[in-house]
Ligand code: IFG
C-alpha cells in the first residue's frame, strides 16, 4: 500500500490479501446507471490482464457467488464530500464506498494501483491478482486538479485527447483545460463563423527542424465526444478561446475582425504578443458572443476560459474594458469566467477565476474575491525541458526536473493570496515543440503525477517520501505503453 499516487489521506494496512479470481463479481449498490457505469469502467481496466469476466451485478440482485467485491454509495457519510471514498479490503471482501459517484471512480483508481503493475497490460498476464488488505479513507485537498493541453500550436485528435484523459484521470485529475485557439490555429468548429475552423484549422507551428505540420480541428460532434468521454471519468472540460491577444488565426479567417479590415496572413512561428482583436469594433463583441454562445452550449462544465494573456498589442485601458465586457458575455451564457492572471487588472466578479502563471496579477484578482488556480510556470509548465539533454520543449521558465515539478508548496506560492482563495493546481502543456502523443506522454510522465498529488493530497508532502512511490509507477507506465522519460532522478523498480 506504499506505492499510491496521489498519497491518500489515511492508509491502514492489514494482514492478508483479497485475491481477484475468475469467479469474482462486482456488486453495484445502488445499481443506478451511473454507479453501474463506474463499476463497468473499473472492470474494463481489470478484465484484459486478468482474463476474468468480472461481471457487474446489482447488489440487491440474486446471491452473488464468490467473495464480495462491492461499490456502494453511502448517502449518510457526507464527510466524504463530493469526491472522497473509503476502500476496505479484507481476505473475503472489497468494499468501496463513497458519498457521491465520483468518489467511487476515484476509489477505483486507487484500487488499480493496489494491484500488480501487470494489471495495466492490454493482454492476458499470469496472475495472481492480490489486493493487499487494509483500510483507506481518502478525500482531496483542492477541488481544481487540472491539466491544460495546448491543441492550437499543434493539433491532437480525439483519440490522443482521450488517451490524455485516461492518463490524467488515473491520477485523480478532474479538469482538462483545452487551449482551443491561438495565433497559429483555431481548433473548434463554430457554425456561425465557419471560416474560423476552415481557415484557422489549416495551420500549425512549423517546428525548429523546418517541418510544417498539418492543422486540424474538432467538429462540434468531436468536441461533444471528448466532453462525454471526460465526464465518464469525472473530468470537466474547460474550453479556452484566448483573447484579445493570441488571435491571429481568427484575424486571418475574417478580415472584418481586424481594426484595418485587412485579414492577417496565417502565422506558423512561435512569437507571442503581436495580435489583438479590434477592441473598438462592435463586430468583435458579436463574434465573441457567437463563439462563446456555441461553446457554452457544448460545455456542461461551469467554466469558460477567455485567455487574456500577453495582450501586448492591446492598449492597457482597452484591455481592461475588453475583459470586463467579455466577462459579462460569459456570465450571460451561464458560465463562470476563467482567465490567465492578467485579467486581475480588470474589475472581476467574485465568481471569476484567475490562473496564475507568471506575470503577477493573481493577488489583484484574489483581492476582488476571485478564486485562483496555480500554474506557476517554473514549476508546472511541463513544456519546459527536464534538463539540457531533453530533445523537446522550451527553456524560458527554466528547466523543470521531476523534483522541481513536485517539490513546492501551493499554499506559499503566492504571497498575499490566502489558501481559501486557491481553487487548486493545473499543469500546463504548451505544444510549440510537441507534435505527437508520444511527445505529450514524454513531457507529462513522470512529472504530471507529482502535480496531481499536490492537488489531491494533504499539505506537507516531501520529495524523499514521494520519490520511492514514483519509482513503482514506471512498471505500470510500461504496461500501459506510456512513453515516459526514464529520468535518473528516480530509481525505477
Ligand atoms: N506563454 C504563453 C503561452 C505559451 C507558453 C510556452 C501563457 C499564459 C509561454 N502564455 O503561458 O501561449 O507560448 O511556454
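Values in this text are rule-based calculations from the coordinates and carry no lab data. Everything quoted here is computed from the prediction, not taken from an experiment. Note that each Cβ is placed from the backbone with ideal geometry, even for glycine, and that neighbours are counted across all protein chains shown.
Which log10 I(q)/I(0) values does segment 1-139 give at q = 0.12, 0.14, 0.15, 0.16 Å⁻¹ under the Debye formula, counting every alpha carbon as one identical point scatterer?
Each listed q maps to, in turn, -0.42, -0.58, -0.67, -0.77.
Using only the alpha-carbon atoms, how far is helix 316-332 inclined from the longest principal axis of the chain? Give it as 0 to 90 degrees, nearest 10.
Between helix and principal axis, roughly 50 degrees.
Can you pull the Rg over Rh of segment 50-120, Cα-only, Kirkwood?
Rg/Rh for segment 50-120 comes to 0.98.
Semi-axes of the equivalent ellipsoid of segment 1-78: what are they in whole Å, largest first, if each equals the square root of 5 times a C-alpha gyration tensor eigenvalue?
Working: eigenvalues 92, 67, 37 Å².
Taking √(5λ) for each eigenvalue gives 22, 18, 14 Å, largest first.
So how long is each side of segment 220-287 along the principal axes, counting just the alpha-carbon atoms, biggest first, in Å?
Taking max minus min along each principal axis of the Cα atoms, segment 220-287 gives 46, 29, 18 Å.
Roughly speaking, what is the centre-to-centre gap between segment 95-118 and segment 139-211 when only Cα atoms are used, to the nearest Å?
The two parts, judged by their Cα centres, are 28 Å apart.
Considering only DSSP beta bridges with both partners in the chain, what is the antiparallel share in %, to the nearest 5?
Details: 20 of 68 bridges.
The answer is about 30 percent antiparallel.
So, R0 is 25 Å and r is the distance between the beta-carbons of residue 389 and residue 206; what FRET efficiency does that work out to, to 0.05?
Step by step, r from the Cβ atoms, then E = 0.55.
Short version: what are the Cα gyration tensor semi-axes of segment 386-456, square root of 5 times each eigenvalue, largest first, in whole Å? Intermediate values should be presented prior to the final figure.
Working: eigenvalues 127, 33, 26 Å².
The answer is 25, 13, 11 Å, longest axis first.
Along the three principal axes, how long is segment 269-329 when you take its alpha carbons, biggest first, rounded to the nearest angstrom?
Sorted largest first, the three principal extents are 32, 28, 17 Å.
Compactness ratio of segment 328-411: Cα Rg over 2.2 N^0.38 Å, N = residue count?
Rounded to two decimals, the normalised Rg is 1.30.
Per residue, how much space in cubic angstrom lies within the convex hull of the C-alpha atoms of segment 231-379? Don't jump to the answer; show the numbers that get you there.
On the way: hull volume 18.7 nm³, N = 149.
Considering the Cα atoms of segment 231-379, their hull volume per residue is 125 Å³.
What is the distance, in nm, between label points placed 7 Å from the Cα along the Cα-to-Cβ direction at residue 259 and at residue 488?
It works out to 5.2 nm between the two label points.
Could you tell me the distance between the Cα centroids of segment 326-362 and segment 414-459, to the nearest Å?
What the calculation gives is 20 Å, centre to centre.
Just subtract the alpha-carbon distance of residue 316 and residue 419 from 0.36 nm times their residue separation and send over the number in nm, one decimal.
Extending this stretch completely gives an extra 34.1 nm.
Between residue 3 and residue 475, what is 0.36 nm times their sequence separation minus the Cα-Cα distance? Round to one decimal in nm.
168.8 nm
For segment 129-275, what is the percent of antiparallel DSSP beta bridges, rounded to the nearest 5?
15
Sort 36-48, 424-436 for me by packing, meaning the mean count of neighbouring Cβ atoms within 10 Å per residue, highest on top.
By packing density, highest mean first, the sequence is 424-436, 36-48.
Over the chain, what is the relative contact order in percent, taking alpha-carbon pairs closer than 8 angstrom and at least six residues apart?
14
Using alpha carbons only, how many degrees (0 to 90, rounded to 10) separate the axis of helix 282-298 from the longest principal axis of the chain?
The two axes meet at around 10 degrees.
Which shape class applies to segment 165-302: rounded if a/c is under 1.5, otherwise prolate when a/b exceeds b/c and oblate if not, where a ≥ b ≥ c are the square roots of the Cα gyration tensor eigenvalues?
Here segment 165-302 falls in the oblate category.
Please report the Cα spread of segment 149-220 along all three principal axes, rounded to whole Å, starting with the longest.
Taking the Cα atoms of segment 149-220, the three principal extents are 37, 36, 18 Å.
Under the rule of -39500 (n - 2.57) per DSSP H run of 4 or more residues, summed and divided by the residues of the chain, what mean residue ellipticity at 222 nm is obtained, to the nearest 500 deg cm²/dmol? Mind showing how you got there, number by number?
Numbers: 15 runs with 151 residues, N = 493.
The helix-only estimate for the chain comes to -9000 deg cm²/dmol at 222 nm.
Grab the beta carbon distance between residue 462 and residue 166, set R0 = 35 Å, and tell me the FRET efficiency rounded to 0.05. The partial results should precede the final answer.
On the way: r = 29 Å, r/R0 = 0.82.
After rounding to 0.05, the efficiency reads 0.75.
Give me the orientation-averaged projected area of the Cα convex hull of segment 70-186, in nm², one decimal.
Across all orientations, segment 70-186 yields a mean hull projection of 9.4 nm².
Using a Förster distance of 56 Å, how high is the FRET efficiency between residue 10 and residue 285, based on the Cβ-Cβ distance and rounded to 0.05?
0.65
What shape does segment 325-475 take by its C-alpha gyration tensor, where a ≥ b ≥ c are the square roots of the eigenvalues and a/c under 1.5 counts as rounded, a/b above b/c as prolate, and the rest as oblate?
prolate
Roughly how many nanometres apart are two label points built 7 Å out from the Cα toward the Cβ at residue 347 and residue 228?
For residue 347 paired with residue 228, the spin-label model returns 4.3 nm.
Between the helical axis of 33-50 and the dominant principal axis of the chain, each derived from Cα atoms, what acute angle in degrees is found, rounded to the nearest 10?
Between helix and principal axis, roughly 70 degrees.
Sorted by average packing, counted as other Cβ atoms within 10 angstrom per residue and highest first, what order do 145-155, 218-228 take?
145-155, 218-228
For the chain, what is the per residue volume of the convex hull drawn over the alpha-carbon atoms, in cubic angstrom?
On the way: hull volume 68.8 nm³, N = 493.
Looking at the chain, the number lands at 140 Å³ per residue.
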